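Remarks on the structure that follows.
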Amino acid sequence: MPELPEVETIARDLKPLIVGQKIDQIFVLKEKSFIGDARYLIGQKICGISRCGKMIVLELTNKIFLAIHLKMTGQLIYKL
């Protein structure tokens, strides 16, 4: 499980890569791990990224925030 410094580094490294990018698809591997409706995320641009505790928080253009926890593996897969 990534600790706080690793999560901060990941969020900082992701910022120049994903801010300004549009979300085209969302794949949820475990339905219980996702709360909400993915339809609100599709087509939105990522306008900011931050960290809250061990969560990576993406701010979207529709003012929705997507909180991501890296769980035990620390794996986050994204495709540009």
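The figures follow:
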{"read-out": "Residue satisfying all of: in the stretch 1-38; over 18 Å from Thr73 (Cα atoms) and among the β-branched types (Val, Ile, Thr); surrounded by the fewest Cβ atoms within 10 Å (Cβ to Cβ) among these", "value": "Ile35"}
{"read-out": "Output for the stretch 21-56, where each listed residue is in contact with a Gly (Cβ under 8 Å, 6 or more places away or on another chain) and not charged (D, E, K, R)", "value": "Ile23, Ile46, Cys47"}
{"read-out": "Candidates Glu31, Glu8, Glu3 - the one that is touching a strand residue (DSSP E or B) at 6+ places or on another chain (Cβ under 6 Å) and of a type in the set (Asp, Glu)", "value": "Glu8"}
{"read-out": "Conditions (1) assigned to a helix (DSSP H, G or I); (2) touching a Gly at 6+ places or on another chain (Cβ under 7 Å): number failed by Pro5", "value": "(2)"}
{"read-out": "Enumeration of residues in the stretch 39-52 that are loosely packed, with under 13 Cβ neighbours inside 10 Å and closer than 16 Å to Leu76 by Cβ", "value": "Cys52"}
{"read-out": "Complete set of residues in the stretch 39-71 that are of a type in the set (A, V, I, L, M) and either touching a residue at least 40 places away in the same chain (Cβ under 8 Å) or assigned to a strand (DSSP E or B) (or both)", "value": "Ile46, Ile49, Met55, Ile56, Val57, Leu58, Leu60, Leu66, Ala67, Ile68, Leu70"}
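Values quoted throughout were computed directly from the atomic coordinates according to the rules given, and no laboratory measurement underlies them. Note that the structure is a prediction, hence the values are computed from the model and not measured. Backbone-built Cβ (ideal geometry, glycine too); neighbour counts: all protein chains shown.
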